[in-house]
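Structure record follows, encoded as structure tokens.
The values are calculated or read from the model by the stated rules, or taken from the named source; none is laboratory data. Being a predicted model, the structure only gives us computed values, none of them experimental. Cβ atoms come from the backbone with ideal geometry, glycine included; neighbour counts cover every protein chain shown. The area values use the complete protein model at the heavy-atom level, side chains included, leaving out ligands, DNA and RNA. Shrake-Rupley method; radii C 1.70, N 1.55, O 1.52, S 1.80 Å.
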Amino acid sequence: FMSPPEARRVVASENSDEILKIENGPIRKPFSNEAVVKISTVSLNRGELRRAQKASDGSLQIGWDFVGTVDAKAADGSGLEVGTRVVGFSTRMEGWSEYVSIPTEYIAPVPNGVSDAQAATLPVAGLTALHAVDEATSLLGRTALITGATGGVGMYALQLAAIAGANAYAQIRRSEQKSFVKNLGDFPVIVTSSGNEFSDYTGFRLIVDGVSGPILANAIPALAPQGICVCYGVTDTPEIPIDIGNFMRIGLAKVMGFHLYAKSEASPPSDNLPRLLSLVANGQLNCAIEREASWSEINRIAQDLIDRKFLGKAVLHID
């Protein structure tokens, strides 16, 4: 175990003026199935920032996505060799730190041709999108609807649904967001904040939704027979009306709740991150990095992400 007993790490701030702070703290000793990774790069998601905003004791460690190199191999012999460049995510939210103890099933090797910054964007947003698209069957030549397409999960789901053969539609709230979608590819765009326009489209084989509220309420009736709507988040209201009679008549359509922690226990990140990494390496997947900075600027960039001052992903380098 090479790493020092203490390291710098990001915790939720108890100060109401800021979301996060960097402090020194003990590194958790690894369990037998955990490697120790020396971290170089992290990426931000709104989910963990919201959790940080709700915490007020100043001790909750924060951070899912990270890239670094294996500093110590797992005691049980599993996983990758010391010195391997890896990407992973910490379900304990210990990822924004100089070192992390991490189960070997939650990291994957980063291939040459994929930068630390690109890899760091993939774990939470990329895996959520990948598993959501995996839930659909027979996508080839069918239509998919991705709500909140400018978010991290949304922009990955849009691209992955297209790679899987679907004609993928992007729902955005404002016309000025069209240029962001255009940078990802030639996707048809539906500009709406209510979802009323979804009734103009024929049945969607796949809907990936992180918005809920009226958008989801109007998306569900637009499902195709045997279509599936995967719900992974709630940025609007969580409670929506569903006309069950109408939903039944669609015929074998499904609405599914998705949680990445639960899915990762059954289908480990070490199996699925390489699928995403190969697409990035081949130039098929755009990571849409809109902010890249030192982690000393984490508070400003976190606030900008929460305030939606930019679209796409934010990546920070530990220095």
In whole Hz, what ³J(HN,Hα) sequence does region 206-215 give by Karplus (6.51, -1.76, 1.60; θ = phi - 60°), x for Gly and Pro? 9, 10, 10, 10, x, 9, 6, x, x, 4
Would you kindly derive the ³J(HN,Hα) couplings of region 58-65 from the backbone phi angles with the Karplus curve 6.51 cos²θ - 1.76 cosθ + 1.60 (θ = phi - 60°), listing them in order in whole Hz, with x for Gly and Pro? x, 10, 6, 6, 10, x, 9, 8
Per residue, what volume in Å³ does the convex hull of the Cα atoms of region 184-236 enclose? 92 Å³
Given H placed on each backbone N at 1.01 Å, which residues far from Ile289 in sequence or on other chains put an amide H within less than 5 Å of it? Lys313
Taking loop as defined by DSSP and a crowding limit of 11 other beta carbons within 10 Å, which chymotrypsin sites (Phe, Trp or Tyr not before Pro) in region 226-276 fit? none
In the structure displayed, which of Lys29/Lys263; Lys38/Lys263; Lys38/Lys182; Lys254/Lys309; Lys38/Lys254 lie more than 32 Å apart, Cα to Cα? Lys38/Lys182; Lys254/Lys309; Lys38/Lys254
Which residue, Thr143, Thr192, Thr104, tops the fluctuation ranking in a GNM of the chain built on C-alpha contacts under 10 Å? Thr192
Please get the size of the charge dipole for the chain, origin at its Cα centre, with Cβ charges of +1 on Lys and Arg and -1 on Asp and Glu, quoted in debye to the nearest 20. 480 debye
Quick one: if the Förster radius is 41 Å, what FRET efficiency do Gln303 and Tyr201 give, using the C-beta to C-beta distance and rounding to 0.05? 0.65
Gyration tensor (alpha-carbon) shape descriptor, region 29-132, a/c threshold 1.5: oblate
Apportionment of accessible area to carbon and sulfur, region 239-319, percent (1.4 Å): 50 percent
Here the residues of region 300-318 lying in the modelled label zone of Asp17, meaning backbone nitrogen under 15 Å from a point 7 Å along Cα-to-Cβ, are 300
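Do you know the relative contact order of the chain, to the nearest whole percent, from alpha carbon pairs under 8 angstrom that are 6+ apart?
Here the relative contact order equals 18 percent.
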Of all alpha-carbon pairs in region 223-288, indicate the percentage at a distance above 13 angstrom. 76 percent
Between Ile207 and residues 5 or more places away or on another chain, the pairs with built amide H atoms under 5 Å apart involve Leu145, Ile228, Cys229, Val230
Counting only DSSP beta bridges with both residues in region 79-193, what percent are antiparallel, rounded to the nearest 5? 30 percent
Using only the Cα atoms, what convex hull volume per residue in Å³ does region 162-319 have? 156 Å³
In region 31-189, carbon and sulfur make up what percent of the accessible area (probe 1.4 Å)? 47 percent
Using the heavy atoms of the protein chains alone and a 1.4 angstrom probe, what is the accessible area of region 22-157 per residue in square angstrom? 34 Å²
When all protein chains stay in place, what accessible area (Å², nearest 10, 1.4 Å probe) is found for Thr128? 10 Å²
Taking the Cβ of Leu130 as the centre, find all other residues whose Cβ is under 12 Å away and add up their charges (Lys, Arg: +1; Asp, Glu: -1). -1
The simple spin-label model distance between Arg8 and Val191, using points 7 Å out along Cα→Cβ, in nm, is 4.3 nm
Pull out the extension gain between Ala293 and Arg92, defined as 0.36 nm times the separation in residues minus the alpha carbon to alpha carbon distance; nm, one decimal. 69.9 nm
What FRET efficiency would be calculated for the residue pair Asn112, Gln177, taking the C-beta separation as r and a Förster radius of 25 Å, to the nearest 0.05? 0.15
Taking Lys73 as the anchor, which aspartates and glutamates have their alpha carbon closer than 15 Å to its alpha carbon, excluding any fewer than eight residues away along the same chain? Glu34, Glu81, Glu105
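Given the DSSP H assignment, sum -39500 (n - 2.57) over each helix run of at least 4 residues in the chain and divide by its residue total; what's the result at 222 nm in deg cm²/dmol, nearest 500?
-7000 deg cm²/dmol
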Förster radius 41 Å - calculated FRET efficiency between Thr237 and Arg28, Cβ distance, rounded to 0.05: 0.65
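What does the extension gain come out to for Thr69 and Ser267, with contour length at 0.36 nm per residue minus their alpha carbon separation?
Result for the pair: 69.0 nm of gain on full extension.
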Spelling it out for Ser40: with amide H atoms placed in the peptide plane at 1.01 Å from N, the residues 5 or more places away or on another chain with amide H under 5 Å from its amide H are Val67, Gly68, Thr69
Residues in region 124-160, backbone N under 14 Å from the label point at Gln226 (7 Å along the Cα-to-beta-carbon vector): list them, ranges by number please. 136-143
Averaged over every viewing direction, what's the projected area of the C-alpha convex hull for region 115-206? Give it in nm², one decimal, please. 6.1 nm²
Have a look at the DSSP beta bridges in the chain and tell me what percent are antiparallel, nearest 5. 60 percent
